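**Q** Take a look at the following structure, please.
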Ligand code: B12
């Protein structure tokens, strides 16, 4: 059975290119991807995660307001009884000059992993396989190492 990933851009953010690339990469890697698109509210993420029984919720944010948009995000997921791995990535802070501090901020908000805008989608895919304890096939291993 495939693992399901719910993906979207949070808040009022309209940057669509990154999640389109992520959607393609996760689909190619064998995940079922539900792409909620841009300008997705916290409640829409939670609703989709419940409806699709998501194993992971992937949040993207590019426009510099991620911290504000993500305050209370995990509380909304918890209220909806969502038990999924949560990742966030993109341009998470204005300037993003100290990414370790940014990572700490979003970890404190409840995200399991925090990625910067230089992240190769394959890195996130490999991390999710580890977190969901998915054993890659030989073909996957060859793809990742190439
Ligand atoms: C194109 C663009 C726009 C277009 C968006 C068109 C569209 N519909 O997509 C337009 C012109 C509309 C726009 C508007 C704005 N933009 Co703009 N935009 C860009 C630009 C030039 C490219 C973004 C892009 O498509 N990159 C290509 C994709 C492939 O890369 P990516 O988005 O980074 O995604 C990758 C990674 O970040 C990562 N990733 C992303 N999300 C996630 C999530 C997870 C879980 C993981 C693992 C990885 C991951 O993987 C992705 C794929 O490789 C960037 C600058 C830049 N060079 O990045 C600015 C940029 C993102 N924009 C910026 C800003 C400020 C704005 C505006 C607020 C400007 C304004 N004052 O109006 C508005 C916001 C409007 C809104 N409501 O969202 C800033 C953000 C600053 C910050 N965060 O500190 C940037 C960085 C420009 C800058 N240097 O100032 N923008």
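Just so it is clear, none of the values below were taken in a lab; they were calculated from the coordinates. Predicted model, so just to flag it, every value in this text is computed and none were measured. Positions of Cβ are generated from backbone atoms using ideal geometry, with glycine treated the same way; all protein chains shown enter the neighbour counts.
**Q** Please arrange 12, 61 by how many other C-beta atoms lie within 10 Å of their C-beta, fewest to most.
**A** 12, 61
**Q** Mind jotting down the distance between the C-alpha centroids of the stretch 1-17 and the stretch 18-34, whole Å?
**A** Answer, in whole Å: 9.
**Q** Next question. For Cα pairs less than 8 Å apart in space and 6+ apart in sequence, what is the mean separation divided by the residue count of the chain, i.e. the relative contact order in percent?
**A** 23
**Q** Still on this structure: How fast does the stretch 31-94 diffuse by Stokes-Einstein, in µm²/s, taking the Kirkwood radius from C-alpha pairs at 10 °C and 1.306 mPa s?
**A** Diffusion coefficient, whole number: 132 µm²/s.
**Q** Grab the alpha carbons of the stretch 13-63, take their convex hull, and tell me the volume per residue in Å³.
**A** Taking the convex hull of the Cα positions in the stretch 13-63, it is 65 Å³ per residue.
**Q** At what distance in angstrom do the alpha carbon centres of the stretch 45-77 and the stretch 98-118 lie from each other?
**A** 14
**Q** How many percent of the alpha carbon pairs in the stretch 4-145 exceed a separation of 20 Å?
**A** 42
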